[in-house]
Amino acid sequence: MRELVGQGLVLRRDSLGEFDERITLFTEEWGKVKAKTISSRKPLSKLSPHLEIGNVIRMRCVEKHDLQLVDALKVRATEYSLFDLYALDRLLFEDEIDGELWDDLSGETLSWELILSRLGWDSRYAICAECNQKNVVMFDLRTHTYLCGRCSGYVKREDRLLLKEVNL
C-alpha cells in the first residue's frame with residue numbers, strides 16, 4: 001500500500017454509482033491522475049465542498065488496487081473557466097509529470113500558447129493541418145492539430161482553443 005500526499009488542481013468529477021466519484025487531478029509530483037472517492041456525493045460529505053472543479057487542494061491518496069482519494073482540503077480556488085479546465089483535461093496524459101506546467105498554472109490566467117508549447121505543440125512552428133497555411137488561429141482538441149481561420153469553421157465550439165481573436 002502506497003500513500004501519496006501533495007497538492008492538486010481538480011479538473012473533472014465523474015459519477016461512479018450512486019455516491020462515489022472519479023476525480024481527475026493535475027498534480028506537480030505525479031502529473032494527471034484519476035482517483036476514486038467513496039461517498040463524496042452524499043449530502044453531508046466532508047470531501048465534496050473541497051473537490052469543486054477548479055480548486056487547488058491539499059490531498060492524500062492511498063493506492064492499493066487503484067488510487068483512492070481519502071482526504072482533501074481546499075487551498076484556494078482558481079479563476080479558470082470550466083472550458084479551460086475541460087481543455088486542460090483533454091490535453092494532458094495520465095502520469096506525465098510536468099513541474100513547469102504546474103508553475104504556469106499557478107498564475108491568474110491561462111496562456112494557451114505557452115501551455116501548448118510546453119506540451120509539444122508550439123504554435124510558432126505550426127501550419128494549418130488542412131491547407132498548410134502558416135497563419136494558424138485555432139487548436140483542435142480532438143485531432144491535436146492547428147487550423148487557420150478558413151479551415152476551422154467545421155470544428156465544434158467545445159473542441160477548439162482559439163489562439164487569436166477571430167470570427168469563426
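Computed from the coordinates by the stated procedures, all read-outs in this text should not be read as laboratory data. Model, not experiment: these values are computed from the prediction. Methodologically, a virtual Cβ is constructed for each residue, glycine included, from the backbone with ideal geometry; neighbour enumeration extends over all protein chains shown.
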Q: Mind scanning Lys64/Lys156; Lys74/Lys156; Lys32/Lys134; Lys42/Lys156; Lys134/Lys156 and naming the pairs with a C-alpha gap bigger than 30 Å?
A: Lys64/Lys156; Lys74/Lys156; Lys32/Lys134; Lys42/Lys156
Q.
Amide H of Thr145 versus every other amide H placed in the peptide plane: which residues, excluding those fewer than 5 positions away on the same chain, fall under 5 Å?
A. Asp140
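Tell me what the chain gives for mean residue ellipticity at 222 nm when only DSSP H runs of n ≥ 4 count, each as -39,500 (n - 2.57), the sum divided by the residue total, rounded to 500 deg cm²/dmol.
The helix-only estimate for the chain comes to -3500 deg cm²/dmol at 222 nm.
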Q | chymotrypsin sites (Phe, Trp or Tyr not before Pro) within segment 32-100, DSSP loop, no more than 13 other Cβ atoms inside 10 Å | A | Phe93
Q: Find, among the GluC sites (Glu not before Pro) in segment 88-168, those assigned to loop by DSSP (not H, G, I, E, B) with at most 16 other beta-carbon atoms within 10 angstrom.
A: Glu96, Glu108, Glu130, Glu165
Q | Degrees, to the nearest 10: 82-91 long Cα axis against longest axis of the chain | A | 80 degrees
**Q.** Residue-wise HN-Hα coupling along segment 129-142, computed from phi with Karplus coefficients 6.51, -1.76, 1.60 (Hz; x: Gly, Pro)
**A.** 5, 8, 10, 6, 6, 7, 8, 7, 10, 8, 10, 8, 5, 6
(Q) Explain nothing, just the number: dipole magnitude of the chain about its Cα centre with +1 on each Lys and Arg Cβ and -1 on each Asp and Glu Cβ, in debye rounded to the nearest 20. (A) 440 debye
Q) Out of segment 9-38, which chymotrypsin sites (Phe, Trp or Tyr not before Pro) are coil in DSSP terms and have no more than 16 other C-beta atoms within 10 Å? A) Phe19
Q. Using a basic spin-label model with each label point 7 Å from the Cα along Cα→Cβ, how many nm lie between Lys46 and Ser15?
A. 2.6 nm
